[in-house]
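First the structure, in the form of structure tokens, and then the observations on it.
Throughout, read-outs are computed from the coordinates displayed, never taken from laboratory work. The model shown is predicted, which means the values in this text are computed figures rather than measured ones. For neighbour counting, all protein chains shown are included, and Cβ atoms are generated from backbone atoms with ideal geometry for every residue, glycine included.
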Amino acid sequence: MDKRVDLSEFGLSDAELFSRVDTDTLSAEKITAPRYSYWHSVFRVFFKKKLNIVILSLLAIIVVFAYVYPLFANYDRFAHVLVEGGKHLSPEKAIAQHPNDSAIHWILGSGGAGESTFDAIWVGSRLSLSLAFICALINMTIGVIVGAIWGFSKKFDMVMQEVYNIIGNVPYILLISVVVMILSASFWSLVFALTVTGWLAIAYFIRTQVIIIRDREYNIASRCLGTSTFRIALKNIMPFMVSVIVTLTATEIPSYISYEVFLSYIGLTMSDISLGKLIGTAQPSMFTPGMQIEFWAPVAITSIITIVLYVVGQNLGDASDPRTHM
């Protein structure tokens, strides 16, 4: 029994139900998946957490106060040094002693030279942050480059292993202290002391990561196709390590502020005002009634800066991992 349906009964024809589809080679090669932007995905993941927005806003406020506020504060450490009874004042007494000055200048009282503690903190923050950023830039640049070469070259690896075994066993803080004592404490001597060997541990860490990645299948295939080692390192390995480098930078920047504070605390301080110098000079005020704010205010600001820098760097490092972009 023929069960075919006669389309003419429904007023339809074959041409109305079926149409010929031509084959388009170019259209078949097109990928319909949405376009992927690495850095767009990084910032999307980073700003997805509201905590990151709050922390980043706090970091922006700190940077503005550290670099912009001192330009308008007209800070002079010894402007009130000859004023009788103007030293080690609480905020209330400082405002009463200097009624013509802006109240915000004396919101934290005055220090041992009669200077505004509030102004001194932000001037010191500018110097400490600049030191940390410069040292991190130098150490991370040298460390990543040397570490990438170290992980690929066996001859270079033999030499650097001996250098690392010798220098790496010397306590870092001891080495910094000796260099600063020899050169005398200044901004650039501290930069030199923190970077002369500071890149070595970073290079060793990067070398370890490169060794883990370099022998994967796609890198072996690239070598078989004649791709140069430099191009493999630049195109295949370094992009894979962006999150690792960002996370490492997040731990490096606060550490330099900590080193500077420690050196100032033990007496290896710069002549310029820094957070470490403020903490070191205010040490006798730690337990003196009415004067504790001279010590605890710079300690609090230092702690906030280091924590904020660390949290921002760690969360940015997590967002830089492509596995979080799913």
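Things worth noting here:
- FRET efficiency, 1/(1 + (r/R0)^6) with R0 51 Å, evaluated for I145 and Q283 via beta carbons: 0.80
- Cut-off 13 Å, label 7 Å out along Cα→Cβ of T208, residues of region 220-247 by amide N: none
- FRET efficiency estimate (nearest 0.05) - Cβ-Cβ, M238 to E217, R0 25 angstrom: 0.85
- Computed 3J(HN,Hα) for region 58-64, one whole-Hz value per residue from the Karplus formula 6.51 cos²θ - 1.76 cosθ + 1.60 where θ = phi - 60°, is 5, 5, 5, 5, 4, 5, 5, glycine and proline marked x.
- Potential extension, I182-I307 segment - 0.36 nm per residue separation minus Cα distance: 41.8 nm
- Cα lying deepest toward the dipole's positive end in region 104-227, options Y218, V159, V144, charges on Cβ: Y218
- The phi-based Karplus calculation (6.51 cos²θ - 1.76 cosθ + 1.60; θ = phi - 60°) puts the 3J(HN,Hα) values of region 254-269 at x, 5, 5, 5, 5, 4, 5, 5, 5, 5, 5, 5, 8, x, 8, 9 Hz, whole numbers, x for Gly and Pro.
- Separation between Cα centres of region 118-164 and region 207-234, rounded to whole Å: 24
- Once backbone amide H atoms are built at 1.01 Å from N, S186 has no partners under 5 Å, excluding neighbours fewer than 5 places away on the same chain.
- 3J(HN,Hα) along region 149-163: 5, 4, x, 9, 8, 6, 5, 5, 5, 5, 5, 5, 4, 5, 4 Hz, from the Karplus curve 6.51 cos²θ - 1.76 cosθ + 1.60 with θ = phi - 60°, whole Hz, x for Gly and Pro.
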